[in-house]
Amino acid sequence: MLLIKNGHVKTMVGADIENGCVLIDDNGKIAAVGACVEAPAGAQVIDACGALVTPGCVDAHCHIGLDNTAMRWEGMDYNEIVEPVTPQLRAIDSINPMDESFPNALRGGVTTAVTGPGSANVVGGTFVAIKLAGKRVDNMIVKNPVAMKVAFGENPKGCYGNNKKSPMTRMAVVALLRELLFKTKRYMEDKEAGKNPAFDMKLEAMIPVLKGEIPLKAHAHRADDILSSIRVAKEFGVKLTLDHCTEGHLIVDELVKEGYPAFVGPSFGKKSKIELRNKTFDTAKILNEAGMTISIITDAPVIPLENLPMCAAMAVDAGLKEEEAWKAITINSANSTGIGDRVGSLEVGKDGDVVVWTADPMHVVGAHAKITVVDGKVVHEE
């Protein structure tokens with residue numbers, strides 16, 4: 001067992017606990033959180049000495065493990081740019097846990113990431129939620145699959161249209177997705193009716209989307225692309241998350257009506273393409289104050305994953321309330337990706353993922369994890 005004591009504990013589900021404790025049992029689950037928790041006999045004890053203690057941070061959208069550090073084509077395993085519709089691809093088959101970005105993320109206080117294919121294809125394949133400590137991805141899975149990646153706008157247009165292949169227009173991007181959903185619906189109905197259609201791996205991969213088991217994870221920056229993703233989701237009655245949502249603040253009144261969660265970012269860095277011309281750290285504040293559930297993302301490696309807390313701090317600097325910024329990198333990210341029963345807050349029964357900080361990352365540049373605990377085990381310590 002492991003007891004972390006004498007910390008300023010931020011549980012993410014209630015008021016902070018001054019001089020609080022977190023007890024993790026031998027199964028790696030949180031056994032107690034409170035002001036006075038006694039250490040059982042034989043327990044490892046960590047004295048936080050008044051430091052900030054939080055749940056491990058959760059990034060709801062990145063490509064860690066699929067886009068390897070310090071590599072070129074050798075480590076680019078996130079985009080299969082040979083055909084625009086590839087739902088059969090699974091992120092789990094490309095993840096390299098030995099990449100240095102994993103320990104870097106742990107030092108940055110990030111313990112869980114939702115990672116998967118890039119946005120070259122209209123339909124790219126499935127994302128997976130993983131812990132960032134481990135050597136074998138099969139043993140790091142929190143949930144698989146988490147979502148089906150789809151992309152709107154410039155990326156699929158540029159990857160294919162520039163080579164005179166479809167999709168060349170936004171019309172074609174949406175049409176390809178709509179065609180796949182129509183075919184999946186018919187395929188699924190034929191299977192349920194006992195007609196035994198010929199096996200189709202692409203359509204099999206899309207069945208969980210049509211059944212509402214996983215959402216479409218929609219890469220969309222421009223306002224019209226965001227609304228196109230919503231149009232398709234409503235047409236087929238499927239779940240949806242709004243990933244990037246760069247111009248979401250321009251259509252906030254429309255987005256509030258629809259109620260989909262928004263994964264905002266990467267907001268740091270240059271405006272590298274036309275779609276990003278309205279990129280701003282104000283987006284998170286505007287969407288949050290309108291009542292939307294927001295998460296802040298890095299899109300790593302666009303922003304290195306260890307800088308997720310820094311991105312939240314920059315949103316605070318732009319006006320987002322500090323407590324909402326913490327939620328945007330912990331409990332909101334977990335709940336919006338379907339893993340809130342495991343991670344994102346310090347609650348009894350949840351995974352023992354805890355960070356003891358050198359300083360509060362919302363206030364101090366360079367603050368990082370002094371100690372990072374994943375499933376009750378210390379995986380980073382200074």
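The values are calculated or read from the model by the stated rules, or taken from the named source; none is laboratory data. Because the structure is predicted, anything quoted here is derived from the model rather than measured. Virtual Cβ from ideal backbone geometry, glycine too; neighbours counted across all protein chains shown. Each accessible area value is taken on the protein alone, full model and side chains, heavy atoms only, with ligands, DNA and RNA left out. Shrake-Rupley method; radii C 1.70, N 1.55, O 1.52, S 1.80 Å.
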Check: Per-residue ellipticity at 222 nm for the chain, helices alone: DSSP H runs ≥ 4 residues times -39500 (n - 2.57), over residue total, nearest 500 deg cm²/dmol?
Finding: -7500 deg cm²/dmol
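Given contacts defined as C-alpha pairs under 8 Å and at least six residues apart, what's the relative contact order of the chain, whole-number percent?
Numbers: 963 pairs, mean separation 77.7, N = 382.
Worked out over the chain, it gives 20 percent.
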Check: Check residue 296: other-chain or 5+ apart residues with amide H under 5 Å from its amide H, H built from backbone geometry?
Finding: 264, 329
Next item on the list: Place the peptides 234-242, 188-196 in order of packing, highest mean first, counting for every residue the other Cβ atoms within 10 Å and averaging per peptide.
Entry: 234-242, 188-196
Check: Working out 0.36 nm times the residue gap between residue 168 and residue 271, then minus their Cα-Cα distance, what length gain in nm do you get to one decimal?
Finding: 34.8 nm
Next item on the list: Relative to the longest principal axis of the C-alpha atoms of the chain, give the angle of the C-alpha long axis of helix 201-210, reported between 0 and 90° and rounded to the nearest 10°.
Entry: 60
Notebook entry, point to check: Out of region 49-120, which trypsin sites (Lys or Arg not before Pro) are coil in DSSP terms and have no more than 14 other C-beta atoms within 10 Å?
Noted result: 72
Margin query: Helix 308-317 against the longest principal axis of the chain: what's the angle in degrees, Cα atoms only, rounded to the nearest 10?
Written below: 90
Check: How large is Rg/Rh for region 1-92, to two decimals, with Cα atoms and a Kirkwood Rh?
Finding: 1.24
Note to self: With +1 on the Cβ of every Lys and Arg and -1 on the Cβ of every Asp and Glu, and nothing else charged, how large is the dipole of the chain about its Cα centre, in debye rounded to the nearest 20?
What the structure shows: 1220
Note to self: Explain nothing, just the number: dipole magnitude of region 115-184 about its Cα centre with +1 on each Lys and Arg Cβ and -1 on each Asp and Glu Cβ, in debye rounded to the nearest 20.
What the structure shows: 60
Next item on the list: Would you work out which of 335, 48, 116 lies farthest towards the positive end of the dipole of the chain? Charges go on Cβ: Lys and Arg +1, Asp and Glu -1.
Entry: 116
Item checked: Signed unit charges on C-beta, dipole axis of region 1-134, positive-most listed residue 1, 97, 133 -> 1
Note to self: How many angstrom lie between the Cα centre of region 192-217 and the Cα centre of region 321-371?
What the structure shows: 35
Note to self: Using only Cα atoms and rounding to the nearest 10 degrees, what angle (0 to 90) does helix 170-192 make with the longest principal axis of the chain?
What the structure shows: 90
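Ratio of the chain's C-alpha Rg to 2.2 N^0.38 Å, to two decimals? Write down the numbers at each step before the final one.
Working: Rg = 20.9 Å, N = 382, 2.2 N^0.38 = 21.1 Å.
Dividing the Cα Rg of the chain by 2.2 N^0.38 Å gives 0.99.
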Margin query: Tell me the carbon and sulfur percent of the accessible area for the chain, rounded to whole percent, probe radius 1.4 Å.
Written below: 50
Note to self: Based on alpha-carbon centroids, what's the gap between region 22-56 and region 122-174 in Å, whole number please?
What the structure shows: 38
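To the nearest 0.05, what FRET efficiency results for residue 72 and residue 36 with a Förster distance of 56 Å applied to their C-beta separation?
Working: r = 54 Å, r/R0 = 0.97.
With a Förster radius of 56 Å, E is 0.55.
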Notebook entry, point to check: Under unit Cβ charges (Lys, Arg +1; Asp, Glu -1), what dipole magnitude, rounded to 20 debye, does region 249-302 have relative to its Cα centre?
Noted result: 320
